[in-house]
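The values are calculated or read from the model by the stated rules, or taken from the named source; none is laboratory data. From a predicted model like this one, the values you see are computed outputs, not experimental measurements. Using ideal geometry, Cβ is built from the backbone for each residue, glycine included, and neighbour counts are taken over all protein chains shown. All accessible areas refer to the heavy atoms of the entire protein, side chains included, with ligands and DNA or RNA removed. Shrake-Rupley method; radii C 1.70, N 1.55, O 1.52, S 1.80 Å.
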Amino acid sequence: MDFNVKRLAADAGTLFSRAVQFTEEKFGQAEKTELDAHFENLLTRAETTKHWTEKILKQTEVLLQPNPNVRIEEFLYEKLDKKVPTRMNNHELLGQSMIDSGNEFGPGTAYGNALIKCGETEKQIGGAERELIQSSAINFLTPFRNFLEGDFKTILKERKLLQNKRLDLDAAKTKLKKAKMADARLFLFKTCQQYLFENALALFPLNSVRPFMCTSCDEPSLTVSLSLSLSLSQAEQDLKMTQSEFDRQAEITRLLLEGINSTHAHHLHCLNDFVEAQMTYYAQCYQYMVDLQKQLGNFPSAFSSNNNQSTASGAASISVPILPLSGPLPANTANASSGFTELQNFSGSRKARVLYDYDAAGSNELSLLADEVIMVSSVPGMDSDWLMGERGNQKGKVPITYLELLN
């Protein structure tokens, strides 16, 4: 119990001396030990790293999850050390809606089939986005967050400890300075006293002066002299001890601050991983959309039936063309389906009339004009939705949905 009380008293005295030193520094009444320029640069670099790491981390989280409510929910689950419930992202929700609507309209219809294909692609993009978020969280966000919650907090802790050691050092310097000033005053007082005593001996007999040299005067002077000597010696020892502790803490803090270089190198590696994850994500999305575009290219683009609108004055009706993703197939297309199947199963060629204009999407395809007649044939290994078309010397793939076989 005695030890605890003494320790508490010592800690209280240390805190009080630090507070006094800090206050006197603020008012310019005490000297302050300044850190060297290199150390200050390390401190500034660490603060800058912390500032921009926080900003990049926050903006990346916004990029990967734009919904602030979901971000808060995920943060709470993380703090509670619970698994975040699985939910569909926006692409997957859109894809599911398209698939459901396509099934409602009928997979056999052009529009319903196109909706289903678009929905499946949107769900693929949603899956790719989920992989991007997971990869970015592991390889990019987590290392940045670990730096802020681990390494930088350690730097702050050691920096605060260094600040306390500096206050102790400056307080010890102030204490030594005051002890030296008191010792100098005592020395001056004793010199003056000796000078007055020697002059008094010259003027008065020794017996008349001796009564002034009573023990009540000499003993306190001796006691004060010994006390000041002990105080000066203690102040010098305290200064050596606080200087040693300050130098040791400064070296520890310096090593931690110089570790920011390693942090930058690690963050650079994480940045490369993040860029690679984004590159993979966008490449997958591009490929999914290219494949979807090819699938939708199999559907004919046709004008729907004219919508006749009569004006109030009885003017002639105006035909308003509407460009849907895919128009209705002509009535004779169903009757000709058996002909296409026969053509694909057996070798040979037949004439076909083009129903709609078609722009070739590649060098291996053949552009078509509505109502022209071309020769078509089947090529082994070709997709069932395509035939090989020939127009004079021109040759290329053509979609069967744009053709009508002729007898």
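Quick notes on this one:
- D_trans [Stokes-Einstein, Kirkwood Rh over alpha-carbon pairs] for the range 43-133, 10 °C, 1.306 mPa s, µm² s⁻¹: 100
- Set of lysines near LYS178 by C-alpha distance (under 25 Å), chain-local residues within fewer than 8 positions excluded: LYS26, LYS32, LYS165, LYS190, LYS240
- Sites HIS38 and ASP291, calculated FRET efficiency, Cβ-Cβ separation with R0 45 Å, nearest 0.05: 0.20
- Lysines whose Cα lies under 17 Å from that of LYS117, excluding same-chain neighbours fewer than 8 positions away: LYS294
- Those residues of the range 248-284 whose amide nitrogen sits under 17 Å from the label point placed on GLU47, 7 Å along Cα→Cβ: 254, 257-258, 260
- Using the 1.4 Å probe convention, the accessible area of the range 88-187 works out to 54 Å² per residue with neighbouring protein chains retained.
- Take the Cβ atoms of LYS58 and MET181, set R0 to 60 Å, and the FRET efficiency comes out at 0.65.
- Three semi-axes of the equivalent ellipsoid, the range 79-198, Cα gyration tensor, whole Å, largest first: 84, 10, 10
- Other residues lying with their Cβ under 13 Å from the Cβ of GLU120 contribute a combined charge of -2, Lys and Arg counting +1, Asp and Glu -1.
- Charges were assigned to the Cβ only: +1 to each Lys and Arg, -1 to each Asp and Glu. The resulting dipole of the range 63-149 about its Cα centre is roughly 160 debye.
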